[in-house]
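Sending over a structure as structure tokens; questions will come in a sec.
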Amino acid sequence: MSTSESNYNTIIIGGGQAGLATGYYLKQQGRDFTILDAHARTGDSWRNRWDSLHLFSPARYDELPGMSFPTSPHAFPTKDEMAEYLETYAARFDLPVQHGVRVDHLTRENGRFLVTAGERRFKADNVVVAMSNYQAPWVPPFARDLDPAIVQMHSSAYRNLDQLQDGGVLVVGAGNSGAEIALESVREHPTWISGRDVGHIPFRIETTAARYVFIPLVLRFLFHRVLTVSTPIGRKARPKMLGKGGPLVRVKPQDLTAAGIERVPKTAGVQNGLPVVGEGRILDVANVIWCTGFRSGFSWIDLPVFDDQEGRYEPRHERGIVSGQPGLYFVGLFFLYALSSSLVEGVERDAQRIVKHLVSRMD
């Protein structure tokens, strides 16, 4: 098979909200760029999540620059509505997204960046890595010791209850994904949820008070303006939050109890093919859903830009600008600048700043 090579001024890796926002600003500047996306369609990063998922933020906070969300500003979009919005956005602004291009290596060659995807080679003066820190689903090593008769899957593979077999369900991980999937599971199965209490926000996001007071206060003020790397409280909070899940947003602990879900301690191992929770309690379940999060997915970046922070490889950058590798940028990272940076709400500001720096560097 022959190897093809393409040249661009800028390559954006990732065609989700961060990549599209960056592409929008590059398009406004008339720059030569392409967006490489591993998925078959724009929006598949949302489309391929579990069927009942809704965003935690109202539509007014889920918009990218230049295009409003086509629904009530107070509605909580479904994951499919978000996917369709992103696909429409890319088409409206004629953003050059190349689908089905899974990048497997990024390095430098003769002073330019070299991006490879299988047999394809792309060279550029600038590369924007537009994705979250955590891309690789993680389950504990002892998961392989579960009885093969038990249906087990990571939350990234879960779509709906049709994937489960008759019998009990253990949801491992009590964060937002775990809580929402457990509430769905308990409709048809005895359900246990395992993991630490991650806390919860003290209001219902669907209420009128939340719509007009609490959500603007949290999303626009606290997450977007207060908890940033420019404030003392933000700088103190950031290292504590890296790699940690946030508090429960839509679900409250009392919702789990009222639904008949039993809270159990941490899943500690496997005995006789069954999961063990706490100090030796064995749960006889037919299904296990691992809501255990993700690990860094940046092993394909072959550049000296990472620090080992408690086993997590985090890129060194200043608000997304990698000074040690001129022309390399990140958008969409958790707490890149603010707590909102990995949310749809936050990528616009970060993408705009990155493109401004990139353009000034080239002019």
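Residues being crowded, with 19+ Cβ neighbours inside 10 Å, among the small types (G, A, S) and over 26 Å from R211 (Cα atoms): count how many of those fall in the stretch 73-100.
1
Just to be sure, is I12 modelled with pLDDT of 95 or more, in contact with a Phe, Trp or Tyr (Cβ under 7 Å, 6 or more places away or on another chain) and not in a loop (DSSP other than H, G, I, E, B)? Working first, answer last.
Values: modelled with pLDDT of 95 or more: yes; in contact with a Phe, Trp or Tyr (Cβ under 7 Å, 6 or more places away or on another chain): yes; not in a loop (DSSP other than H, G, I, E, B): yes.
Taking the combined requirement at face value, the residue satisfies it.
To continue, here is another question. When the residues of the stretch 226-251 are narrowed to those that are among the basic types (K, R) and either loosely packed, with under 13 Cβ neighbours inside 10 Å or not in a helix (DSSP H, G or I) (or both), which ends up nearest to the chain's Cα centre (by Cα)? I'd like the intermediate steps shown before the answer.
Residues of the stretch 226-251 that are among the basic types (K, R), as a first pass: 235-236, 238, 240, 244, 250.
Those still in the list that are either loosely packed, with under 13 Cβ neighbours inside 10 Å or not in a helix (DSSP H, G or I) (or both) too: 235-236, 240, 244, 250.
Working: R235: 22, K236: 23, K240: 18, K244: 13, R250: 17 Å.
That would be K244.
Inspect the stretch 271-285 for any residue being within 23 Å of the chain's Cα centre (by Cα) and among the polar types (S, T, N, Q) and give the result as yes or no.
If we filter the stretch 271-285 for residues that are within 23 Å of the chain's Cα centre (by Cα), which is where we start, we get none.
No; the residues of the stretch 271-285 include none that is within 23 Å of the chain's Cα centre (by Cα) and among the polar types (S, T, N, Q).
Considering only the stretch 255-363, give the strands (runs of 3 or more DSSP E) lying wholly within it that have at least 2 residues that are among the hydrophobic types (A, V, I, L, M, F, W, C). Show your work before the answer.
Values: elements: 262-264, 267-271, 274-277, 287-290, 294-296, 306-309, 312-315, 328-331.
It comes to 267-271, 274-277, 287-290, 328-331.
Against the conditions (1) closer than 27 Å to A136 by Cα; (2) part of a loop (DSSP other than H, G, I, E, B); (3) modelled with pLDDT under 95, where does F223 fall short? Just the number, please.
(2)
Considering V103, V115, which residue is assigned to a loop (DSSP other than H, G, I, E, B) and either under 30 Å from A209 (Cα atoms) or of a type in the set (V, I, T) (or both)? Outline the logic, then answer.
Details: V115 fails: assigned to a loop (DSSP other than H, G, I, E, B).
Testing whether each residue is assigned to a loop (DSSP other than H, G, I, E, B) and either under 30 Å from A209 (Cα atoms) or of a type in the set (V, I, T) (or both) leaves just V103.
Step by step: first the residues of the stretch 127-175, then only those that are crowded, with 21+ Cβ neighbours inside 10 Å and among the polar types (S, T, N, Q), then the one that is farthest from the chain's Cα centre (by Cα). Which residue is that?
Checked the stretch 127-175; the qualifying residue farthest from the chain's Cα centre (by Cα) is S155.
The values are calculated or read from the model by the stated rules, or taken from the named source; none is laboratory data. Keep in mind the model is a prediction, meaning the values are calculated, not measured. In this analysis, Cβ positions are derived from the backbone assuming ideal geometry, glycine residues included, and neighbour counts consider all displayed protein chains.
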